Amino acid sequence: NTRALYGKGWKGVLVEPAQQNFDFIKEYFKEDKEQQIIQTCVGNYDGEVTFWDSQGDAIGTTDPKHMELWKKNYGVPYKEVKYPIVTFQTLLTKTIYKKFDFVSIDIEGEGNFQVLTQIDFNAIGCSMVCVEYNGIDKPKYLGCCQRQGFRLIHSNGENLIFAK
């Protein structure tokens, strides 16, 4: 969701738990000191979590329902691993940036809403948010973002994009 912004000179923090994807991203940005890549899951507690790694595909997840859906319907081969998980507030303590113009949340499954509800977008200076919702429970995402002063500017079957 943010690669085009990087191409235009933006800097930021990219969070990726899956080892193969993390290694690729780290190599891609190895010369760029303004991009911070953090290997962790983001969720509603600090600790350790079971992660179903899709082994290079971008649909790894901590949500067992999401994993079962992809495994059953599309034959995605998952490998169960343990990864650290942190709340958004804990993640902020590890980031080199504390203010963000744009936040993209793409966690797979219910984790998207869990993280969305943790973020005080005014405190981090955010004026635009993209959140994956997979066409499910759109009203709860709308309500959460509207309470923080955002309006929906675009939606499709996967993502909602909000702006102030």
For this session: For the chain, set up a Gaussian network in which alpha carbons nearer than 10 Å are linked by springs, and say which option among Asp63, Asp53, Asp32 fluctuates the most.
Result: Asp32
For this session: State the Cα centre-to-centre distance between the stretch 59-135 and the stretch 31-53 in whole Å.
Result: 9 Å
Problem set entry | Per-residue HN-Hα couplings for the stretch 137-143 [Karplus 6.51, -1.76, 1.60; θ = phi - 60°; Hz; x = Gly/Pro] | 6, 3, x, 5, 5, 4, x
Exercise. Rounded to the nearest 20 Debye, what is the dipole magnitude of the chain about its Cα centre when Lys and Arg each give +1 and Asp and Glu each give -1 at the C-beta?
Worked result: 520 debye
For this session: Keeping all protein chains in position, work out how much accessible area Asp57 exposes to a 1.4 Å probe, and write it in Å² to the nearest 10.
Result: 80 Å²
Problem set entry | Listed residues Gly143, Gly75, Gly56, most fluctuating in the chain (Gaussian network, C-alpha, under 10 Å) | Gly75
Exercise. Which residues' amide hydrogens lie under 5 Å from the amide hydrogen of Ile38, considering only partners 5 or more residues apart or on another chain, with H built in the peptide plane?
Worked result: Leu14, Val15, Glu16
Exercise. At a 1.4 Å probe radius, carbon and sulfur cover how many percent of the accessible area of the chain?
Worked result: 52 percent
Seminar exercise, completed: Computed Rg/Rh for the chain (Cα atoms; Rh = Kirkwood radius) stands at 0.94
Exercise. Whose amide H sits under 5 Å from the amide H of Asp46, counting only residues 5 or more places off or on another chain, with H placed in the peptide plane?
Worked result: Thr87
For this session: Over the chain, give the accessible area per residue in Å² for a 1.4 Å probe, as an integer.
Result: 56 Å²
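The values are calculated or read from the model by the stated rules, or taken from the named source; none is laboratory data. Note that the structure is predicted; figures quoted are calculated from it, not measured. Virtual Cβ from ideal backbone geometry, glycine too; neighbours counted across all protein chains shown. Each accessible area value is taken on the protein alone, full model and side chains, heavy atoms only, with ligands, DNA and RNA left out. Shrake-Rupley method; radii C 1.70, N 1.55, O 1.52, S 1.80 Å.
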